[in-house]
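These notes concern the structure reproduced below.
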2 protein chains.
Amino acid sequence: MSRLDSFIRRVTAQRDVLDHVCTLLVDLPGPVIELGLGNGRTFHHLREKLPRRRVIAFDRALGAHESSIPPGEDLVIGEISETAARFAGIGAALVHADIETNYPDVDAETARWLPPLAASLLREGGIVASGLALCHPELVPLNLPVEVPHERYFLYRLGARTSSSALEPGSLQERLQH
Amino acid sequence: MSRLDSFIRRVTAQRDVLDHVCTLLVDLPGPVIELGLGNGRTFHHLREKLPRRRVIAFDRALGAHESSIPPGEDLVIGEISETAARFAGIGAALVHADIETNYPDVDAETARWLPPLAASLLREGGIVASGLALCHPELVPLNLPVEVPHERYFLYRLGARTSSSALEPGSLQERLQH
């Protein structure tokens, strides 16, 4: 299969997954976190589907079309693994990560830092949609819409934090008190 | 319609148009000219569909995935309007132009220099597939495959050169003798 054919399947899966996810967010407050603004097409789509939701976008550099650039306070430029970490605890309803490169070594590195970052950004019950598979004890895989081919996109919900997670004992106690 | 929905329609149309065009090239010798290599996805697709055809790609800067970079002699970096003009007369079977930006002023400028450039690169009967509409006396519009939405992509065949074209009288005589 050519890279063009594969790409069409991937962006179609992405759109179908995002449309599905938006229906799951109805009773889930919190902002949307867009990791990897890129050209801004998925940001534009999310803003259309979720017009009253704050969407904060992160990227290494600004490369978006002018129609798809978030307002200043919702655009964070810099290494995503570092800039987004500063938003841990924000209680996002949705984290969307579209940052795979198709370079195996780069994507393997992303697969290390992205799962704990996504978990730290989400509220409990929040959802992460990702082009890369994420392995993390708190991220519980969700079924994809039936029209999405297997392993084209991945969906998880942040479950209850467990003792196997990497929380400090203090943080765990704090959570239990609230 | 969101930019993501619109983009899915555009790349799907692009793939369907290219697949259709490849069936039209069977008896038409000559190289393929790719104006705008970008990420290299359509280059990868054309190379898969036309494995024995030389494909020469042009772009302002190299941004392609490593799996989709042409060999050195078939990759020309620089302002496309200038670099590709040096290949006028190469007798291409196909010119594929994927260089629209969705910035109206930039695309209007491209719509001025691209049609005569494409015509100069093609052999008679050669085809140009473009994301922008092209207006040129020698470029005759072709029907799109039925599955492609109207005005998502454009297809032309280089017809007989007419006296309204900018050929030198000598060149015209030379053409008539052959």
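The values are calculated or read from the model by the stated rules, or taken from the named source; none is laboratory data. These numbers come from a predicted model, not from an experiment. Note: ideal-geometry Cβ built from the backbone for every residue, glycine included; neighbour counts use all protein chains shown. Heads up: the accessible areas ignore ligands, DNA and RNA and are worked out on the full protein's heavy atoms, side chains in. Shrake-Rupley method; radii C 1.70, N 1.55, O 1.52, S 1.80 Å.
Tabulated data
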| quantity | calculated |
| --- | --- |
| Failed condition for A:Glu73, given (1) away from chain B (no Cβ under 14 Å); (2) touching a residue at least 12 places away in the same chain (Cβ under 8 Å) | (2) |
| Any hit, the range B:97-106, residues being open to solvent by 10 Å² or more (accessible area, probe 1.4 Å), hydrophobic (A, V, I, L, M, F, W, C) and out of contact with any Cys (no Cβ under 9 Å at 6 or more places or on another chain) | yes |
| Residue that is at pLDDT below 95 and open to solvent by 70 Å² or more (accessible area, probe 1.4 Å), where the choices are B:Val140, B:Val146 | B:Val146 |
| Matching residues, the range A:52-70, being more than 20 Å from A:Glu100 (Cα to Cα), out of contact with any Lys or Arg (no Cβ under 9 Å at 6 or more places or on another chain) and modelled with pLDDT of 95 or more | A:Arg54, A:Ile69 |
| Residues satisfying the stated conditions in the range B:97-115, i.e. touching a residue at least 12 places away in the same chain (Cβ under 8 Å) and either part of a helix (DSSP H, G or I) or farther than 18 Å from B:Leu37 by Cβ (or both) | B:Asp107, B:Thr110, B:Ala111, B:Trp113, B:Leu114, B:Pro115 |
| Qualifying residue in the range B:20-28 (condition: within 12 Å of chain A (Cβ to nearest Cβ) and either open to solvent by less than 30 Å² (accessible area, probe 1.4 Å) or within 15 Å of A:Phe7 (Cβ to Cβ) (or both)) | yes |
| Candidates A:Gly38, A:Gly78, A:Gly63, A:Gly72, filtered to the one that is under 19 Å from A:Asp19 (Cβ atoms) and not charged (D, E, K, R) | A:Gly38 |
| Among (1) buried (at least 22 other Cβ atoms within 10 Å of the Cβ); (2) within 13 Å of chain A (Cβ to nearest Cβ), the one test that B:Ile8 misses | (1) |
| Enumeration of residues in the range B:13-47 that are part of a loop (DSSP other than H, G, I, E, B) and over 19 Å from B:Arg123 (Cα atoms) | B:Gly36, B:Leu37, B:Gly38, B:Asn39, B:Gly40 |
| Every residue from the range B:117-160 that is outside any strand (DSSP E or B), under 29 Å from A:Glu66 (Cβ atoms) and not hydroxyl-bearing (Ser, Thr, Tyr) | B:Leu117, B:Ala118, B:Gly131, B:Leu132, B:Ala133, B:Leu134, B:Cys135, B:Val148, B:Pro149, B:His150, B:Glu151, B:Arg152 |
| Per-region count, the range B:73-96, residues part of a helix (DSSP H, G or I), modelled with pLDDT of 95 or more and exposed (fewer than 13 other Cβ atoms within 10 Å of the Cβ) | 2 |
| The range B:29-60, residues that are within 12 Å of chain A (Cβ to nearest Cβ), open to solvent by less than 10 Å² (accessible area, probe 1.4 Å) and either of a type in the set (Phe, Trp, Tyr) or free of Cβ contacts under 8 Å to residues at least 24 places away in the same chain (or both) | B:Phe43 |
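One line per residue, one yes/no per condition, for (1) under 15 Å from the mean Cα position of the chain (by Cα); (2) among the hydroxyl-bearing types (Ser, Thr, Tyr); (3) at pLDDT below 95; (4) at positive phi:
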site: A:Arg15; (1), (2), (3), (4): yes, no, no, no
site: A:Val26; (1), (2), (3), (4): no, no, yes, no
site: A:Val32; (1), (2), (3), (4): yes, no, no, no
site: A:Gly36; (1), (2), (3), (4): yes, no, no, yes
site: A:Gly40; (1), (2), (3), (4): yes, no, no, yes
site: A:Glu48; (1), (2), (3), (4): no, no, no, no
